[in-house]
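K.L.:
Quick one: the structure is below, and I'll ask about it shortly.
Readers should treat all values here as calculations from the given coordinates under stated rules, not as data from a laboratory. Note that the structure is predicted; figures quoted are calculated from it, not measured. Backbone-built Cβ (ideal geometry, glycine too); neighbour counts: all protein chains shown.
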Amino acid sequence: MQEKKSSFQPLALSLTVAAALLRLVPHPFNFTPIGSAALFGGARLAGWQAYVVPLLAMLVTDPILSYMAGYPAYSAGTLVVYFSLLIYVLLGRTLIGRSTNPWRIGAVALAGSVQFFLITNFFTWFAGTLYPHTAGGLAACYIAGLPFFGRTVLGDLFYSGVLFSAYTLLERKTHVDELRRAA
């Protein structure tokens, strides 16, 4: 009789949670591992875990960060950010999957950064009062967000490289250790 393979993946789960918790470490604005954690979780966590773990990480760390920085933990913008994180997960599931190709991972990480920038800045313009609700106001909003976008890209590329590389190396080491024990 064949043994049923478990969908629980402790290595992928541990790396996703560890990366998400790094949000609590001081860092430059938008240079965080959370987008990469969602992308990685989408590619390496099974089923519902891929969606729930990054959102749960945000739900847990947002109040801690807000307490440390003195701003409200949740707002209408929070839903937009969480929605964007779900897109990261979807990108990881559909465009990376089990791939270990660094060019593919980097390209999808960049796509994640772009969608985050476009969605969150559009919401800032649409729901806010800082920019006029004109094409010029939207352009000004996107231009003002460019420094943050650069850090988002760098963070997503860096942390995606770290997460996917660490997973591949640790998975190989685990496999080699299992082969040695079986011999």
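K.L.:
Please report the relative contact order for the chain, taking Cα pairs under 8 Å with a sequence separation of at least 6, and give it as a percent rounded to a whole number. Spell out each step's value before the answer.
P.N.:
Numbers: 224 pairs, mean separation 50.7, N = 183.
RCO, the chain: 28 percent.
K.L.:
Could you go through the stretch 100-112 in sequence order and give the Karplus-derived ³J(HN,Hα) for each residue, using 6.51 cos²θ - 1.76 cosθ + 1.60 with θ = phi - 60°, rounded to whole Hz, and x for Gly and Pro?
P.N.:
Using θ = phi - 60°, the values come out as 10, 5, x, 5, 5, 4, x, 5, 6, 4, 5, 4, x Hz.
K.L.:
Compute the normalised compactness of the chain: alpha-carbon radius of gyration over 2.2 N^0.38 Å, N being the residue count.
P.N.:
Working: Rg = 18.2 Å, N = 183, 2.2 N^0.38 = 15.9 Å.
With N residues counted in the chain, Rg over 2.2 N^0.38 Å equals 1.14.
K.L.:
Another question, then. Hand me the trypsin sites (Lys or Arg not before Pro) from the stretch 76-140 located in a DSSP loop with no more than 13 other Cβ atoms within 10 Å, in residue order please. Walk me through the numbers on the way to the answer.
P.N.:
On the way: sites: Arg93, Arg98, Arg104; in loops: Arg98.
Of the trypsin sites (Lys or Arg not before Pro), the ones in loops of the stretch 76-140 whose Cβ has at most 13 other Cβ atoms within 10 Å are Arg98.
K.L.:
Further question: Go through Thr61, Gly145, Gly92 and say which Cα lies farthest out towards the positive end of the charge dipole of the chain; charges sit on Cβ, +1 for Lys and Arg, -1 for Asp and Glu.
P.N.:
Gly92
K.L.:
Could you state the angle between the C-alpha long axis of helix 10-21 and the longest principal axis of the C-alpha atoms of the chain, as a value from 0 to 90 degrees rounded to the nearest 10?
P.N.:
Helix 10-21 and the main axis of the chain meet at about 30 degrees.
K.L.:
I'd like the orientation of helix 135-182 relative to the chain: the angle between its Cα long axis and the longest Cα principal axis, in ° from 0 to 90, rounded to 10.
P.N.:
The answer is roughly 10 degrees.
K.L.:
Please give the charge dipole size of the chain, origin at the Cα centre, charges +1 on K and R Cβ atoms and -1 on D and E Cβ atoms. Round to the nearest 20 debye.
P.N.:
In total the dipole reaches around 460 debye.
K.L.:
Angle, helix 34-44 long axis vs. longest principal axis of the chain, Cα atoms, 0 to 90°, nearest 10?
P.N.:
Helix 34-44 sits at roughly 40 degrees to that axis.
K.L.:
When only DSSP loop residues count, what chymotrypsin sites (Phe, Trp or Tyr not before Pro) in the stretch 15-107 have their Cβ near at most 15 other Cβ atoms within 10 Å? Mind dumping the intermediate values first?
P.N.:
On the way: sites: Phe29, Phe31, Phe40, Trp48, Tyr51, Tyr67, Tyr74, Tyr82, Phe83, Tyr88, Trp103; in loops: Phe29, Phe31, Tyr74.
Here the chymotrypsin sites (Phe, Trp or Tyr not before Pro) that fit, given the DSSP loop and packing criteria, are Phe29, Tyr74.
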